[in-house]
Amino acid sequence: MTVTASERELAERLNQRLRHVVLMLRQVSADQPITSQQLSVLGSLEHGPRRMTELAAEHGVRLPTITAQINRLERDGLVTRGRDGGDARVVTARLTEAGRGRLAAGRHRRIGFLAERLANLTDEERAAVAAALPALDKLFDIP
């Protein structure tokens, strides 16, 4: 596939905006007891236990890195480890009730921050952001 100059320029502009958004959201969570990366791992466990290898792949890190994250979250009582029912060699991680609460609090804080930012936009600007969401879902393969 050939990428045009205008597509590359758009990609560069989008990359800058995404970086800025990520940094802003990290700042919102900076004074929290867990990092934004740990909050992201908790979000990955929201719908049930996951294999460590799946978590590593989803977060784009190596197994030792996700293991270190899970170690910290387990130490803080936010996740528990288990074994896969089909293969006892496979280690899984599961969200605890405390972890579920921490995840909800972190989301509440981030969503509040974003809602305040959206409130500063005009109706037309908010409509433009809403109109862009389906394209972003397609761009990032979000079901």
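How many of the residues making up region 49-94 are small (Gly, Ala, Ser), within 22 Å of residue 105 (Cα to Cα) and within 16 Å of the chain's Cα centre (by Cα)?
At the first step, the residues of region 49-94 found to be small (Gly, Ala, Ser) are 56-57, 60, 68, 77, 82, 85-86, 88, 93.
Filter again for within 22 Å of residue 105 (Cα to Cα), leaving 77, 93.
Filter once more, keeping what is within 16 Å of the chain's Cα centre (by Cα): none.
Qualifying residue count, region 49-94: 0.
What helices (runs of 4 or more DSSP H) lie completely within region 34-143 and have 1 or more residues being open to solvent by less than 70 Å² (accessible area, probe 1.4 Å), of a type in the set (Asp, Glu) and on the phi > 0 side of the Ramachandran plot? Give the derivation first.
Details: elements: 36-44, 52-59, 63-75, 97-119, 123-139.
Answer list for region 34-143: none.
Considering (1) over 30 Å from residue 139 (Cβ atoms); (2) of a type in the set (S, T, N, Q); (3) touching a residue at least 12 places away in the same chain (Cβ under 8 Å), say which one residue 71 fails and leave the rest.
(3)
If you take the residues in region 1-26 that are free of Cβ contacts under 8 Å to residues at least 24 places away in the same chain, of a type outside the set (Val, Ile, Thr) and touching a helix residue (DSSP H, G or I) at 6+ places or on another chain (Cβ under 9 Å), which one is farthest from residue 136 (Cα to Cα)? Show your work before the answer.
Start the filter on region 1-26 by keeping residues that are free of Cβ contacts under 8 Å to residues at least 24 places away in the same chain, which leaves 1-23, 26.
After this cut, where a residue has to be of a type outside the set (Val, Ile, Thr) as well, the list is 1, 5-20, 23, 26.
Now restrict to residues that are touching a helix residue (DSSP H, G or I) at 6+ places or on another chain (Cβ under 9 Å): 14, 26.
Numbers: 14: 11, 26: 21 Å.
Ranking the qualifying residues of region 1-26, first place goes to 26.
Among the residues of region 11-42, count how many are among the aliphatic types (A, V, I, L, M) and out of contact with any Ser or Thr (no Cβ under 9 Å at 6 or more places or on another chain). Give the derivation first.
Filtering region 11-42 down to residues among the aliphatic types (A, V, I, L, M) leaves 11, 14, 18, 21-25, 28, 30, 34, 39, 41-42.
The next check asks that each one be out of contact with any Ser or Thr (no Cβ under 9 Å at 6 or more places or on another chain); those that pass are 11, 14, 18, 21, 23-24, 34, 41-42.
Residues meeting the conditions: 9.
The values are calculated or read from the model by the stated rules, or taken from the named source; none is laboratory data. Here the structure is a predicted model, which means the values were calculated and not measured. Please note: Cβ atoms are built from the backbone with ideal geometry, for glycine as well, and neighbour counts cover all protein chains shown. Just so you know, the surface numbers come from the protein's heavy atoms only, side chains and all, with ligands and any DNA or RNA stripped out. Shrake-Rupley method; radii C 1.70, N 1.55, O 1.52, S 1.80 Å.
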